[in-house]
1. In square angstrom, rounded to the nearest 10, how much accessible surface does TRP100 have for a 1.4 Å probe?
2. Answer rounded, prolate or oblate for the range 136-214, using the Cα gyration tensor with square roots of eigenvalues a ≥ b ≥ c: rounded when a/c is under 1.5, else prolate when a/b is larger than b/c, else oblate.
3. Pull out a ≥ b ≥ c, the square roots of the eigenvalues of the alpha-carbon gyration tensor of the range 1-59, then state rounded if a/c is under 1.5, prolate if not and a/b is larger than b/c, and oblate in the remaining case.
4. Cα centroids of the range 171-186 and the range 78-128: how far apart, whole angstrom?
5. Pairs of Cα atoms under 8 Å, at least six residues apart: use those to get the relative contact order of the chain, whole percent.
6. From the list (i) 124; (ii) 147; (iii) 174, can you say which value of volume of the Cα convex hull per residue in Å³ was derived from the structure given?
7. What distance in nm lies between label points placed 7 Å from Cα along the C-beta direction at ALA26 and ILE171?
8. Taking square-rooted eigenvalues a ≥ b ≥ c of the alpha carbon gyration tensor, is the range 33-169 rounded, prolate or oblate, where a/c under 1.5 means rounded and, failing that, a/b exceeding b/c means prolate?
Amino acid sequence: MAERLQKWLAGLGYGSRREIERWILAGRVRVNGELAELGQQVEGDERVLVDGKPVRVVNRLQAQRTIMYHKSPEEICTRKDPEGRRTVFDSLPRLRGARWVSVGRLDYQTTGLLLLTTDGELAHTLMHPSAQLPREYSVRVYGDLSDAVVEQLLSGVVLEDGPARFDSLLITAGEGMNKSCVVTVSEGRNRIVRRLFEAVGCRVSRLLRLRYGPLALPRALRPGQYRDLTDAELAELRAAVPGE
């Protein structure tokens, strides 16, 4: 059965449809020696090249994998770093004919739960703004977290790329200007937790993601370790996305 090229490549784990559409428009994809066109249909027996490298069609029938990874501090979520810093992909199992797609990113110093999958369509669905899956974080904060400031963070703060807010904020420990709290936020904008606290004059010294949607970081999963999602966890994750 014919499929649109971007959907077919996404199903192989090469990335989200949106990302692959940009590759096609940039001339990075060829089909049978010709530059690919957006929306082009493929059957699966064509010779497809991405950045000059052939797509391994034989692995199209392999089961997709989705894993949870406990990100360590000072790891980055890009595949390669010009500065030579360690990436999360250095700790993951090697794949043949597929690639890991990170479901969003955690910044350099942030630790905790990160989801990765070979299913580009799943990654695209989870990262789409309409998914609105809550992310829960444990945060160590230095600054004024008075009742008025907490109310401001819950009602909304205007950032440089638009308004944002926490869905919940619970102070769990601390005295004076040092506080520990647990927050939830239902969007994945870059550094959103740190930026919200910075907007009210607070500084985050520790940030750990505890939960993504229905999935919690297992206590037994140590930094730098990963495990595959169970069928039940994967079904629960898909069920949490509206329209899935």
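The values are calculated or read from the model by the stated rules, or taken from the named source; none is laboratory data. Everything numeric here is computed off the predicted structure, so don't read it as measured data. Cβ coordinates were reconstructed from backbone atoms using ideal geometry, including for glycine residues, and neighbour counts include every protein chain displayed. We work out accessible area using only protein heavy atoms, side chains counted, and drop any ligands, DNA or RNA first. Shrake-Rupley method; radii C 1.70, N 1.55, O 1.52, S 1.80 Å.
1. Spelled out: TRP100, probe radius 1.4 Å, area about 10 Å².
2. In terms of gyration-tensor shape, oblate.
3. rounded
4. That distance is 28 Å.
5. 21
6. (ii)
7. 4.6
8. prolate
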